[in-house]
Every structure is written in structure tokens, then in C-alpha cells.
1. Can you find a residue that is touching a strand residue (DSSP E or B) at 6+ places or on another chain (Cβ under 9 Å) and assigned to a strand (DSSP E or B) anywhere in region 148-160?
2. Modelled with pLDDT of 80 or more and open to solvent by 70 Å² or more (accessible area, probe 1.4 Å): which single residue out of 38, 119 fits that description?
3. How many residues, within region 100-110, are of a type outside the set (Val, Ile, Thr) and either at pLDDT 95 or above or open to solvent by less than 20 Å² (accessible area, probe 1.4 Å) (or both)?
4. Please find, within region 165-187, the residue that is nearest to residue 35 (Cα to Cα) out of those that are at pLDDT 90 or above, aliphatic (A, V, I, L, M) and in contact with a Lys or Arg (Cβ under 8 Å, 6 or more places away or on another chain).
5. Quick one: in region 5-35, of everything that is modelled with pLDDT of 90 or more and of a type in the set (A, V, I, L, M), which residue is surrounded by the fewest Cβ atoms within 10 Å (Cβ to Cβ)?
6. Would you check which residues across region 129-187 are buried (at least 19 other Cβ atoms within 10 Å of the Cβ) and of a type in the set (Lys, Arg) and list them?
7. Of all residues being of a type in the set (D, E, K, R) and either open to solvent by less than 10 Å² (accessible area, probe 1.4 Å) or within 14 Å of the chain's Cα centre (by Cα) (or both) in region 46-71, which is modelled with the highest pLDDT? Just the residue, please.
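The values are calculated or read from the model by the stated rules, or taken from the named source; none is laboratory data. Not measured: the values here are computed from a predicted model. Positions of Cβ are generated from backbone atoms using ideal geometry, with glycine treated the same way; all protein chains shown enter the neighbour counts. What goes into the accessible areas is simple: the full protein's heavy atoms, side chains included, and nothing from ligands, DNA or RNA. Shrake-Rupley method; radii C 1.70, N 1.55, O 1.52, S 1.80 Å.
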Amino acid sequence: MKEFIKDILVAFAIVVLLSLVIKPTIVKESSMEDTLYENNYLILNKLSYISKDHPEYGDIIVFESDIYNDEAGALSRFFNKVTGGSENKLLIKRVIGVEGDVITIADGDVYRNGEKLTEEYIKCDFDEGTLGSVNNYKVPENKVFVMGDHRTVSSDSRSPEVGAVDEDRIVGKAVLRLYPFNEIRTF
């Protein structure tokens, strides 16, 4: 009986330690297509930005937004209240700019510090109306400028309800897609 209890405690300790390092998540929307699709199952590294100063260009991050998550079920809302979690929506986006960068979006192109970005990962070409315009926006200290890969449907740093993302609100960096099984890959 003592061995059984010891095994249960060890398993519990392992689960707790893993939950401090990784977080599984499921993609719920289409803003990261063609890189990620709805119902892709991802593993996030929650410690990615503890060992280094800031996120890097191209990182795919999950962060807590200021958008209320009205899709959360009653059980999720209860769990968030008990654990002190937030009822705000988690978003997944790609880091385009870090603190001090100057972002401009003009004529359907994204520029960082005056250099046009080559973005093979975006879903399709855009015009000024669908991409929106940003004129010489300087990313504030300890914040990142993020955009979805499917720019026409993405709520990201271009929109006032998201804006530049405070690094303290980053839940983790996507490091592995586990599902669908035929598309397993690292990021």
C-alpha cells in the first residue's frame, strides 16, 4: 500500500512540474491559417521567455487579450474563478515586432524599421483595405507587435482591442503541433 501511495505522489509531482513548463492548447479560430488550422493541438513552452529577454521575430505565441471570452463554458468560468484565472480570450499570433521596432503597414506590405518583410507564411495577398494601415508605430518597451498569418480575419496588434501585447501577458510560445498526427512539427 505504501508503494502505491508513493507512486501516486510521484506521478502527481511529475504532472505538477510538467504543468509549470508546458501547456497544451487547441487552436479555436482561423487567424493563423495556413500555418495552423482550427482544432490543431499545440504544446506551448511556458518558460520560453524566462531564460531570454524577449520574444523573437516569427515566434508564434499565445497571450491573454483584453477580449472577454464569451465562448467559455460554465465549467471553464468556474475553474478560472477558483484558480484566479482570467475570463479573457487567449489569442495565438506571430511576433512581427519587438520593443523599439517601428512598424509601418502601407500598400499591403509590412515594414519593420524601414525594411519590407518577406512573409512566406501569410495566407494570401492583401490590399490596403484588408490589411489596414499603420504608420511608423513604435513598439513600446516590454511589448510585442503581433499579427495573424490570415491577415484578413485576424484581430491583432492592428486593432485597438488587441494592440501591442504586454510581454507579461504571454502564456507561452508554440513549440510543437501534436495533432493532426500527419502534421506533427516543431516551431
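1. No: zero hits.
2. Numbers: 119 fails: open to solvent by 70 Å² or more (accessible area, probe 1.4 Å).
Only one candidate qualifies: 38.
3. Kept after step one, since they are of a type outside the set (Val, Ile, Thr), are these residues of region 100-110: 100-101, 106-109.
Of the ones still in play, those that are also either at pLDDT 95 or above or open to solvent by less than 20 Å² (accessible area, probe 1.4 Å) (or both) are 100-101, 108.
Here the count works out to 3.
4. Result: 176.
5. Of everything passing the filter in region 5-35, 26 is surrounded by the fewest Cβ atoms within 10 Å (Cβ to Cβ).
6. Residues satisfying the conditions are 143, 151, 158, 173, 177.
7. So the first thing to find is which residues in region 46-71 are of a type in the set (D, E, K, R), and the list is 46, 52-53, 56, 59, 64, 66, 70-71.
Now drop any that are not either open to solvent by less than 10 Å² (accessible area, probe 1.4 Å) or within 14 Å of the chain's Cα centre (by Cα) (or both), which leaves 46, 56, 59, 64, 66.
Details: 46: 87, 56: 91, 59: 95, 64: 92, 66: 83.
Going through the qualifying residues, I end up with 59.
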